[in-house]
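Read the figures in this text as sums done on the coordinates, not as results from a lab. All values derive from a computational prediction rather than experimental measurement. Cβ: placed from backbone, ideal geometry, glycine included. Neighbour counts: every protein chain shown.
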Amino acid sequence: MLAELKKDAAERMAKCVQSLRVEFKRMRTGRASTSLLEHLKIDYYGSEMPLSQVANVIVEDSRTLAVSPWDKSMIPAIEKAIMKSDLGLTPNTAGAVIRLPMPALTEERRRDLVKAAKHETENARVAVRTVRRDVMNELKVMLKEKLVSQDDERRAEEDVQKLTDKYVAEVDAVLADKEKDLLQV
């Protein structure tokens, strides 16, 4: 019973870290990356479709993405979705290919992105701590209902705290990597 509780806590905390990584992939750095466009939804004949299902996205060079729609009539819809996104990219259409040049980031914009990354990191830390709080409450209920002894509860609390410390450290490591990536010129 306690082992299941700890395993569930570890899985939920790992999901918090994974969610942070996904958020960081969406954050634009100075380099071109196909993950920037993964979250875009395109209006495809009345239904919302992910960009990857209506077009091929490739990195042309370090500062340019190329989007090749499979249906040429989708070009205006893809351009519209890119313009509406908060990526700050301007599509250049040349025939059947949409090119997205990545403008160089200014120092001020880099600092803003680092602030945003720190905010997302704090949200991830809070999510990990929320998992810890939920598990601790569950342990207290189990103790109250005499499903576990006080010693087992105390050991489980220590284990959950170690898990929390491990995943908070992992969140901090993810932030350090992203910060280094953002500040690299």
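Taking 20 °C and 1.002 mPa s as the conditions, I'd like the Stokes-Einstein D for the chain in µm²/s, using the Kirkwood hydrodynamic radius from alpha carbon pairs. Can you show the working numbers first?
Numbers: Rh = 19.2 Å.
Answer from the Stokes-Einstein relation: 112 µm²/s.
Normalised by the number of residues in the chain, what is the relative contact order in percent for Cα pairs under 8 Å and 6+ residues apart?
Working: 208 pairs, mean separation 45.7, N = 185.
Relative contact order, the chain: 25 percent.
Expressed as an acute angle from 0 to 90° and rounded to the nearest 10, what is the orientation of the C-alpha long axis of helix 150-183 relative to the principal long axis of the chain?
Value to nearest ten degrees: 20.
Determine Rg/Rh for the stretch 145-185; Rg is computed over alpha-carbon atoms and Rh is the Kirkwood hydrodynamic estimate from the same atoms.
Numbers: Rg = 17.6 Å, Rh = 12.6 Å.
That ratio is 1.40, to two decimals.
List the residues, sorted by chain then number, that are 5 or more residues from residue 32 or on another chain and whose placed amide H is less than 5 Å from its amide H.
Hits under the 5 Å cutoff: 63, 64.
Taking amide H positions as placed in the peptide plane 1.01 Å from N, state which residues far from residue 56 in sequence (5 or more) or on other chains have amide H under 5 Å from it.
Those qualifying (amide H under 5 Å, at least 5 residues apart or on another chain) are 68, 70.
The chain: longest stretch without exposed chymotrypsin sites (Phe, Trp or Tyr not before Pro) (DSSP loop, at most 13 other Cβ within 10 Å), sites themselves excluded?
On the way: sites that count: 45, 70.
Looking at the chain, 71-185 is the longest stretch - no exposed chymotrypsin sites (Phe, Trp or Tyr not before Pro) with at most 13 other Cβ atoms within 10 Å.
Straight-line reach from residue 84: which lysines fall under 27 Å, measuring Cα to Cα and dropping same-chain residues less than 8 apart?
Partners within reach: 25, 41, 72, 115, 118, 178.
Per residue of the stretch 37-49, what does 6.51 cos²θ - 1.76 cosθ + 1.60 with θ = phi - 60° give for ³J(HN,Hα)? Whole Hz please, x for Gly and Pro, Karplus curve as stated.
Rounded to whole hertz, the list is 9, 4, 7, 5, 10, 10, 6, 10, 6, x, 10, 7, 10.
Viscosity 0.692 mPa s, temperature 37 °C: Stokes-Einstein D of the stretch 110-176 from its Kirkwood Cα radius, in µm² per second?
Values: Rh = 13.4 Å.
Calculated translational D: 246 µm²/s.
Okay, helix-only estimate at 222 nm for the chain: each DSSP H run of n ≥ 4 adds -39500 (n - 2.57), divide by all residues, round to 500 deg cm²/dmol; what do you get? Before the final figure, lay out each step's value.
Details: 4 runs with 107 residues, N = 185.
Computed mean residue ellipticity for the chain: -20500 deg cm²/dmol.
If you split all Cα-Cα distances of the stretch 1-110 into 5 Å bins from zero, what percentages do you get per bin, shortest first?
Answer for the stretch 1-110: a P(r) of 2, 11, 18, 20, 15, 10, 7, 6, 5, 4, 2, 0, 0 percent.
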